[in-house]
Amino acid sequence: MQTGQRSRASTPVAASLTWTLMLILSSLACLLVVSSVAQAQSLSTMQGSRGGRSDRIGARGFVDVGIQLFAAKDSFETILGSSSGPVFGGGGQVTMPNGLFFEVGFSRFNDTGQRVFIFNGEVFDLGIPTEITVTPIDFTGGYRFLDLQSVIPFVGGGVTLQRYQETSPLLDASEDVDERYTGFHILGGAEFPITRWAAVAGEVRWSRVPDALGQGGVSEVFGEDDLGGIGFRVRFLIGQ
């Protein structure tokens, strides 16, 4: 978190291009998966149902709402007054008859605080408002335990591409921060079918995004470099 004393510039162009290339390649991989699903759908449709399990390859959309608890607790509390806050997001999911699933989702955290200066352990508010936005894109693979019909536990994990932004309306745009990092996450939860085409799920997600902070400003003072944390989410799914 660069708010306060700043010891590095904005992300170099090369790093931004690298992050963008990774996102493009990951998106292409998703398209390949969807293409494979489409080709296999006709074959899956001809198969019947066995013991309450669907033999179809499914596709579902979802929206998320929840709360994020950041690992960089002291840095976020100093700037925003709290190390947690609401997150909103959504995405898409492909489910397989054997319980495997693959999904791509995004979420967004946004809050406003103040820039500060820390000297000899004492925090001085500078009276300059700053807005912090964290936007992760998660690529997840996992497994759904389909033996139960009333509740479906699931676990998963994958890669996180995370964008971090700091902006202030009172400062020059060159002072803003817009950086991108790569991390990973694991998750677990349970899904509760409502109808054939709708379900609600509860999820706990832990993520780690190392070396995103700690190279300047408040986060360097506190020795915090992880932009990940623990999230609790409620998910609404539509599809089959």
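Laboratory data are not the source of any read-out in this text; all were calculated from the coordinates shown. Keep in mind it's a predicted model, so treat the numbers as computed, not measured. Glycine also receives a Cβ, built like all others from the backbone with ideal geometry; neighbour counts cover every protein chain displayed.
Where nothing but the Cβ of Lys and Arg (+1) and of Asp and Glu (-1) is charged, how large is the charge dipole of the range 158-240 around its Cα centre, in debye to the nearest 20?
Working: 7 positive and 13 negative charges, 175 e Å.
About 840 debye.
Work out how much length PHE184 to ALA59 would gain on full extension: take 0.36 nm times their residue separation and subtract the Cα-Cα distance, in nm to one decimal.
Numbers: separation 125, 0.36 × 125 = 45.00 nm, distance 2.38 nm.
Extra length available between PHE184 and ALA59 comes to 42.6 nm.
Modelled spin labels at THR133 and ALA173, positioned 7 Å past Cα toward Cβ, are 1.4 nm from each other.
The alpha carbon centroids of the range 95-116 and the range 64-82 are separated by 16 Å. Would you please state which residues of the range 95-111 a label at PHE88 would reach in this model, taking the label point 7 Å out along Cα→Cβ and a backbone N cut-off of under 20 Å? Residues passing the 20 Å test: 105-111.
At full extension, ASN120 and LEU148 could sit 4.3 nm farther apart than now, given 0.36 nm per residue minus the alpha carbon distance. Amide H to amide H, with H built 1.01 Å from N, ALA199 comes under 5 Å of ILE194, LEU237, counting only residues 5 or more places away or on other chains.
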